[in-house]
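The values are calculated or read from the model by the stated rules, or taken from the named source; none is laboratory data. On a predicted model such as this, the values are computed, not experimentally measured, just so you know. Reconstructed Cβ throughout: ideal geometry from the backbone, glycine too, with neighbour counts over all protein chains shown. Just the protein is used for accessible areas: all its heavy atoms, side chains included, with ligands, DNA and RNA removed. Shrake-Rupley method; radii C 1.70, N 1.55, O 1.52, S 1.80 Å.
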Amino acid sequence: MISYKNKAWKQEMAVRLDYNHVMARFMGEEHGVFDGEIESLQSETKEIHHEIKEKRSQGRLPFLDLPDQDVKGILELAKAVRKRCESFVVLGIGGSALGNTSLHMALNHPYYNELTKTGRKRAPRIYVLDNVDPDHLRGLLDILDLKKTCFNVITKSGGTAETMANFLICQEALIEAVGRENHQDRIIVTTDKSKGNLKRVADREGYSCLVIPDGVGGRFSVLTPVGLLSAAVSGIHIRELLAGAAFMERRCRKAKLRENPAYLNAAVHYILNTKRGKRISVMMPYSNALYGFADWYRQLWSESLGKRNALDGREVFAGQTPVKSLGTTDQHSQIQLYVEGPNDKVITFLGVENFREKMEIPESYSEMEGISYLGKHTLEELIQAEQQATAYALTRHQRPNLTLTLKELNPFSLGQLFMMYEIQTIFSGGLYRINPLDQPGVEDGKVATYALMGRPGYEEQKEEMGKLGAGDDKYIISL
Ligand code: PA5
């Protein structure tokens with residue numbers, strides 16, 4: 001039987017949340033959460049739970065139903081791409097890129113692109129281009145063999161300046177390399193089913209199109225074709241990924257805070273933020289592979305919860321600043337601040353119980369105790385001991401921290417994490433009474449860019465921007 005269909009295996013793979021070290025018992029009154037505070041959110045939780053259920057039944061939270069989608073079409077297209085090209089380049093930004101990066105970092109070989117074709121099981125190299133730094137794009141074009149490259153242009157709105165600019169440059173380079181008549185089947189577009197300029201271009205040029213389902217916003221779209229195509233192209237088991245998300249979605253159908261990991265984690269963060277002044281949420285994986293997930297989380301938490309207005313129009317300036325940190329690397333960079341600096345953070349450790357590799361440390365220099373103690377241990381033991389030691393140091397200094405542990409890092413457990421954090425974010429929106437699904441602050445920046453770049457229809461905004469006035473020379477130092 002396929003493991004992700006086996007009940008016992010799924011149970012064994014369930015992500016575990018340990019929130020002991022945010023509780024007052026360890027943190028004291030000033031920095032810890034009381035059981036009573038969690039209980040007192042229970043009636044609000046019931047209401048928010050009901051709202052979520054209602055919105056879902058009205059089709060307003062379609063990300064919750066993504067685990068049930070049919071992925072046959074994506075898998076077929078991925079198979080064709082694998083035959084057709086040696087490099088696969090994703091062009092997107094924000095929610096149209098971060099999910100891809102986190103999937104590849106978590107589930108592919110850490111040096112996947114450097115592997116031989118056989119090492120990659122004949123799958124193409126994967127690149128995610130999510131900036132418009134000209135040096136960076138030139139660098140990528142320098143190393144690509146465009147005759148063997150496919151591009152996946154991803155944008156929900158179909159018009160984001162960065163993605164469209166990169167697309168135009170790559171399209172021109174591709175046409176130059178293979179000819180206009182041969183370039184169509186090397187560009188795949190992932191966008192809205194009917195709206196946006198990219199859709200118009202795709203129809204005119206005859207590019208294959210994958211659809212981002214209605215109502216699924218960028219940062220909730222990793223489990224749509226946005227993230228699934230490049231994952232499938234590289235050989236990631238997307239059905240197992242969705243099975244993990246489905247497993248978590250079911251765990252999160254409970255209205256009881258203590259039984260629902262997403263609600264509980266949201267509640268704890270909410271209490272720490274609004275009642276204990278923890279304005280910063282650090283995600284610290286003890287696994288290089290999960291560092292991309294922390295990046296994905298940064299966007300989800302910031303864009304969803306960072307809001308000026310509550311639903312009733314009050315100014316609330318809600319949101320916690322998410323920060324990513326990597327264990328053990330950042331123990332030698334950030335931990336001093338986390339342990340002794342301002343007590344304004346809650347730290348989430350992401351730990352892995354069974355790494356893919358153990359890596360035994362050789363027994364050498366037996367006469368030097370400062371080295372020889374490492375011998376016979378494994379790197380897995382060392383990284384886990386360091387995670388525990390950091391949690392201990394933080395706890396001793398009353399710095400709230402909690403731990404999410406994955407039994408092993410596989411598509412099933414990553415699917416659980418994505419779904420848990422998406423539900424946690426929606427539920428948090430309910431606690432803060434803000435809309436977690438919009439991003440007016442991002443739109444402002446997008447509009448200002450259009451105005452500065454001379455897009456017709458944005459003349460008024462350009463004039464408005466001009467009113468800000470030029471900076472004063474006295475505040476500029478030129479050396
Ligand atoms: O989460 C979001 O909605 C945003 O971060 C978008 O993903 C990002 O702005 C890119 O937008 P689009 O996919 O429309 O190009």
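Has segment 210-222 got at least one residue that is surrounded by 15 or more Cβ atoms within 10 Å (Cβ to Cβ), in contact (Cβ under 8 Å) with a residue 24 or more places away in the chain, away from the ligand (no atom under 14 Å from the Cβ) and within 19 Å of LYS83 (Cβ to Cβ)?
Looking for residues that are surrounded by 15 or more Cβ atoms within 10 Å (Cβ to Cβ), in contact (Cβ under 8 Å) with a residue 24 or more places away in the chain, away from the ligand (no atom under 14 Å from the Cβ) and within 19 Å of LYS83 (Cβ to Cβ), one finds none in segment 210-222, hence no.
Any residue in segment 45-68 that's touching a residue at least 12 places away in the same chain (Cβ under 8 Å): show its pairings with residues that are part of a helix (DSSP H, G or I) and open to solvent by 50 Å² or more (accessible area, probe 1.4 Å) at Cβ separation under 8 Å, as long as the two are six or more apart or on different chains.
If the second residue must be part of a helix (DSSP H, G or I) and open to solvent by 50 Å² or more (accessible area, probe 1.4 Å), the pairs left are LEU61/LYS55; LEU64/ARG56.
Only one of GLY32, GLY92 is in contact (Cβ under 8 Å) with a residue 60 or more places away in the chain, in contact with a helix residue (DSSP H, G or I) (Cβ under 9 Å, 6 or more places away or on another chain), within 16 Å of the ligand (Cβ to nearest atom) and open to solvent by less than 30 Å² (accessible area, probe 1.4 Å). Can you tell me which?
Testing whether each residue is in contact (Cβ under 8 Å) with a residue 60 or more places away in the chain, in contact with a helix residue (DSSP H, G or I) (Cβ under 9 Å, 6 or more places away or on another chain), within 16 Å of the ligand (Cβ to nearest atom) and open to solvent by less than 30 Å² (accessible area, probe 1.4 Å) leaves just GLY92.
Scan segment 178-193 for residues that are hydrophobic (A, V, I, L, M, F, W, C) and in a helix (DSSP H, G or I) and jot them down.
Within segment 178-193, just VAL178 meets the criteria.
Quick one: ALA289 ticks every box in (1) of a type outside the set (Lys, Arg); (2) open to solvent by 40 Å² or more (accessible area, probe 1.4 Å); (3) in a helix (DSSP H, G or I) bar one, so which box is it?
Failing condition for ALA289: (2).
Read through the list (1) closer than 18 Å to TYR207 by Cα; (2) open to solvent by 20 Å² or more (accessible area, probe 1.4 Å), then give the number of the only condition that PHE167 fails.
Of the numbered conditions (1) closer than 18 Å to TYR207 by Cα; (2) open to solvent by 20 Å² or more (accessible area, probe 1.4 Å), the odd one out for PHE167 is (2).
Filter segment 38-75 down to residues that are part of a helix (DSSP H, G or I) and more than 30 Å from ASN113 (Cα to Cα), then give me how many there are.
Here the count works out to 24.
Of all the residues that make up segment 362-392, how many are crowded, with 16+ Cβ neighbours inside 10 Å and in contact with a helix residue (DSSP H, G or I) (Cβ under 7 Å, 6 or more places away or on another chain)?
Here the count works out to 2.
Which residues, taken from segment 97-123, are in a helix (DSSP H, G or I), within 16 Å of the ligand (Cβ to nearest atom) and open to solvent by less than 10 Å² (accessible area, probe 1.4 Å)?
GLY99, ASN100, SER102, LEU103
Is at least one residue of segment 76-86 in contact with a Phe, Trp or Tyr (Cβ under 8 Å, 6 or more places away or on another chain), assigned to a helix (DSSP H, G or I), hydrophobic (A, V, I, L, M, F, W, C) and open to solvent by less than 10 Å² (accessible area, probe 1.4 Å)?
Yes: one or more hits.
Go over the candidates GLU381, GLU357 one by one and state the one that is outside any helix (DSSP H, G or I) and closer than 30 Å to MET13 by Cα.
None of the others qualify; the one that does is GLU357.
ILE175: more than 14 Å from the ligand (Cβ to nearest atom) and under 23 Å from the mean Cα position of the chain (by Cα), yes or no?
When the stated conditions are applied, ILE175 does not pass them.
Does segment 11-20 include one or more residues that are buried (at least 16 other Cβ atoms within 10 Å of the Cβ) and in a helix (DSSP H, G or I)?
Checking segment 11-20: not a single residue is buried (at least 16 other Cβ atoms within 10 Å of the Cβ) and in a helix (DSSP H, G or I).
Can you pull out every residue in segment 333-354 that is touching a helix residue (DSSP H, G or I) at 6+ places or on another chain (Cβ under 7 Å) and not aromatic (Phe, Trp, Tyr)?
ILE335, VAL339, ASN343, LYS345, VAL346, ILE347, LEU350, GLY351
With the structure loaded, tell me whether PHE427 is buried (at least 17 other Cβ atoms within 10 Å of the Cβ) and over 30 Å from PHE355 (Cβ atoms) or whether it fails that test.
Against the criterion (buried (at least 17 other Cβ atoms within 10 Å of the Cβ) and over 30 Å from PHE355 (Cβ atoms)), PHE427 qualifies.
Within segment 194-213, restricting attention to residues that are part of a loop (DSSP other than H, G, I, E, B) and either at pLDDT 95 or above or not assigned by TED's automatic domain parsing to the domain that holds TYR127 (or both), which residue is nearest to ASN100 (Cα to Cα)?
The selected residue is ILE212.
Which helices (runs of 4 or more DSSP H) does segment 389-479 wholly contain that include 3 or more residues that are at pLDDT 90 or above and closer than 24 Å to THR224 by Cβ?
By residue number, 411-432.
Restricted to segment 283-305, and to residues that are more than 8 Å from the chain's Cα centre (by Cα) and aromatic (Phe, Trp, Tyr), which residue is nearest to the ligand (Cβ to nearest atom)?
For segment 283-305, the residue satisfying everything is TRP301.
What are the pairs, 6+ residues apart or on separate chains, where a residue within segment 439-461 that is on the phi < 0 side of the Ramachandran plot and in contact (Cβ under 8 Å) with a residue 24 or more places away in the chain has its Cβ under 6 Å from a residue that is part of a helix (DSSP H, G or I) and of a type outside the set (D, E, K, R)?
Once the first residue is on the phi < 0 side of the Ramachandran plot and in contact (Cβ under 8 Å) with a residue 24 or more places away in the chain and sits in segment 439-461, its partners that are part of a helix (DSSP H, G or I) and of a type outside the set (D, E, K, R) give THR449/ALA161.
Looking only at segment 138-161, count how many residues are within 16 Å of the ligand (Cβ to nearest atom) and either open to solvent by less than 20 Å² (accessible area, probe 1.4 Å) or part of a loop (DSSP other than H, G, I, E, B) (or both).
The total comes to 10.
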